[in-house]
1. Just give me the residues in the range 40-83 being in a loop (DSSP other than H, G, I, E, B), within 20 Å of LEU95 (Cα to Cα) and in contact with a strand residue (DSSP E or B) (Cβ under 9 Å, 6 or more places away or on another chain), in sequence order.
2. Could you check ALA27 against (1) open to solvent by 40 Å² or more (accessible area, probe 1.4 Å); (2) of a type in the set (Gly, Ala, Ser); (3) more than 13 Å from the chain's Cα centre (by Cα) and say which number it fails?
3. Looking for whichever is in a helix (DSSP H, G or I), closer than 26 Å to ALA114 by Cα, out of contact with any Ser or Thr (no Cβ under 9 Å at 6 or more places or on another chain) and hydrophobic (A, V, I, L, M, F, W, C) here; the options are ALA34, ALA27, ALA89. Which one fits?
4. Among the candidates SER70, SER60, single out the residue that is among the hydroxyl-bearing types (Ser, Thr, Tyr) and touching a helix residue (DSSP H, G or I) at 6+ places or on another chain (Cβ under 7 Å).
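The values are calculated or read from the model by the stated rules, or taken from the named source; none is laboratory data. Note that the structure is a prediction, hence the values are computed from the model and not measured. When we count neighbours, we look across all protein chains shown, and the Cβ atoms used for this are built from the backbone with ideal geometry, even at glycine. Heads up: the accessible areas ignore ligands, DNA and RNA and are worked out on the full protein's heavy atoms, side chains in. Shrake-Rupley method; radii C 1.70, N 1.55, O 1.52, S 1.80 Å.
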Amino acid sequence: MSDEQDPSASSAGRRWRRRLLTVGAAALLLAVMAPYLFSWGPCRKLILSALPTRIRGTISAERAAVGWFSPPVLEEFAIRTESGEPVIAIESVELEQPLWRLVSHPSDLGRVKAE
């Protein structure tokens, strides 16, 4: 009888493996989708408002094109004071490095092109 496995222990192990696989798959999907979520209006606004800066005001971008293998582009980028007056208004900001490189080397932005 000691050679037999407890069936409840076996099914509990399978449940934990299934849960772990589900969480891992969800994390991978979120990592893959992160740039596209940033490009979406509500998420973009939330992320830009949460950036740690010393600016007393708001940072905004009307459109964003972000992908893991292409350089990020922010269009109609603006920094405004707390009262809403524009400090900086730039039609387009494009970084030279693709997103995967910015994540792995955050201090290396490459050239920043502002128009």
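1. Passing the criteria: TRP40, LEU51, THR53.
2. It fails just one condition, (3).
3. Checking each option against the conditions leaves just ALA34.
4. The unique qualifying residue is SER60.
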